[in-house]
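Chemist: Below you will find the structure I want to go over with you.
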Amino acid sequence: AGRLDGKVAVCTAAGQGIGRRVAEAFLSEGAKVFASDLDAGKLEGLDRFGTVETSGLDVTDSKAVSAYLASLPAPDILFNCAGYVHHGTVLDCDEAAWDFSFDLNVKAMHRTISGLLPRMLEKGGGSIINMSSAASSLKAAPNRYVYMATKAAVIGLTRSVAIDFIKHGIRCNAICPGTIESPSLEGRIADLGKSVGGTDKAKTMFVERQPMGRLGTPDEIASLALYLASDESAFTTGTTQLIDGGWSL
Ligand code: NAD
């Protein structure tokens, strides 16, 4: 039997990286998954893992999100994965960069949670999982000014939902990864490579900040998301789950 048999899951940004691997894991464990991404084409192939409905969805588009959520059955699991890394200090962050990061990394979670929670409550409960980061209120990283601010906000939002609906069967937890292999990380490595003398050097810098001497994998994050989504974690809510290879030690 699958660990999520009979459950309905909603996953944003499921096209690549962590979101993709989590959607695949949910499908493999028997959930029916409603997977969306800004780029619908990236969702191709998810149907090899189980019963999935894929949709193009920009989580910063309030109207599109409402219409999409209204088309879904009441979910048991909501995985909010969409997020973006802005590079730089406070001096590199203009109002547009601030607003974009908060819209995508934080307000998008407000849109999906406020839209789906009433129906999760009618259903008698559910598990909400929000993608934060170790780089948040937990661990400082250079040049992650507005990113850290948004991911810290995700932790506050998560704990608020957890406490307000704890008596109604809703659990809400945040995942806080260290550096994880993903297409967007490859981009950040390529960018850094331009200023430090090559992609290999840049990759070494990312790896060296991990005390375990390696990056994490989307698989490792998917194992944690699966646990938080399943009833195995029934006693766990409002937590910030660090999964960072000891980066924050
Ligand atoms: P990624 O950045 O490689 O991919 C992100 C996906 O989000 C893409 O498929 C993209 O099309 C989609 N997307 C972008 N804008 C969107 C929008 N407006 N609406 C819907 N979808 C949109 O993936 P990743 O690196 O695995 O990151 C996923 C999440 O994990 C993010 O929230 C990120 O901040 C967080 N995270 C990643 C790491 C890491 O090292 N990779 C570490 C900590 C936290």
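Chemist: What number do you get for the stretch 1-104 when its Cα radius of gyration is normalised by 2.2 N^0.38 Å, N = residues?
Modeler: 1.18
Chemist: For Ile166 and Thr204, FRET efficiency with R0 = 41 Å and r from the beta-carbon atoms, rounded to 0.05?
Modeler: 0.40
Chemist: Starting from the Kirkwood Rh over alpha-carbon pairs, what translational D in µm² s⁻¹ does the stretch 103-249 have by Stokes-Einstein at 25 °C and 0.890 mPa s?
Modeler: Roughly 150 µm²/s, to the nearest whole number.
Chemist: Okay, next question. Would you kindly state how much longer the chain becomes between Asp94 and His110 on full extension, computed as 0.36 nm times their sequence separation minus their alpha carbon distance, in nm to one decimal?
Modeler: Value of the extension gain: 3.5 nm.
Chemist: A further question on this structure: Divide, for the stretch 156-222, the radius of gyration over alpha carbons by 2.2 N^0.38 Å, where N is the residue count.
Modeler: 1.59
Chemist: Let me ask you something else. Under 27 Å Cα to Cα from Lys107, which lysines show up? Leave out anything in the same chain fewer than 8 places away.
Modeler: Within the straight-line cut-off, Lys107 pairs with Lys7, Lys32, Lys42, Lys63, Lys123, Lys139, Lys151, Lys167.
Chemist: Which FRET efficiency, nearest 0.05, do Thr51 and Glu186 yield, Cβ-Cβ r, R0 25 Å?
Modeler: FRET efficiency, Thr51 to Glu186: 0.25.
Chemist: Report the Cα centroid-to-centroid distance between the stretch 12-27 and the stretch 61-130 in angstrom, as an integer.
Modeler: Here the two parts' Cα centres lie 16 Å apart.
Chemist: For the chain, evaluate the Debye formula with one uniform point scatterer on each Cα (no solvent term) and list log10 I(q)/I(0) at q = 0.15 Å⁻¹, rounded to two decimals.
Modeler: Cα-only, vacuum Debye calculation for the chain: -1.05.
Chemist: Which cross-chain or sequence-distant (5 or more) residues have an amide H under 5 Å from the amide H of Arg144, H modelled 1.01 Å from N in plane?
Modeler: Excluding prolines and chain starts, which carry no amide H, the hits are Gly88.
Chemist: Rank the residues Asp37, Asp47, Asp94 as a footprinting-exposure proxy: fewest other Cβ atoms within 10 Å of their Cβ go first.
Modeler: Listing Asp37, Asp47, Asp94 from fewest to most nearby Cβ atoms yields Asp94, Asp47, Asp37.
Chemist: Given the options Gly187, Gly50, Gly17, which has the most mean-square fluctuation in a GNM of the chain, springs set between C-alpha atoms less than 10 angstrom apart?
Modeler: Judging by the Gaussian network model, the answer is Gly187.
Chemist: Let me ask something else. Work out from phi, with θ = phi - 60° and the Karplus expression 6.51 cos²θ - 1.76 cosθ + 1.60, the ³J(HN,Hα) of each residue of the stretch 156-173, listed in order in whole Hz, and give x for Gly and Pro.
Modeler: Each residue's phi maps through the Karplus curve to give x, 4, 4, 5, 5, 4, 4, 6, 5, 10, 5, 7, 10, x, 8, 10, 9, 10 Hz.
Laboratory data are not the source of any read-out in this text; all were calculated from the coordinates shown. Note that the structure is predicted; figures quoted are calculated from it, not measured. Cβ sites come from the backbone with ideal geometry, for glycine too, and all protein chains shown count toward neighbours.
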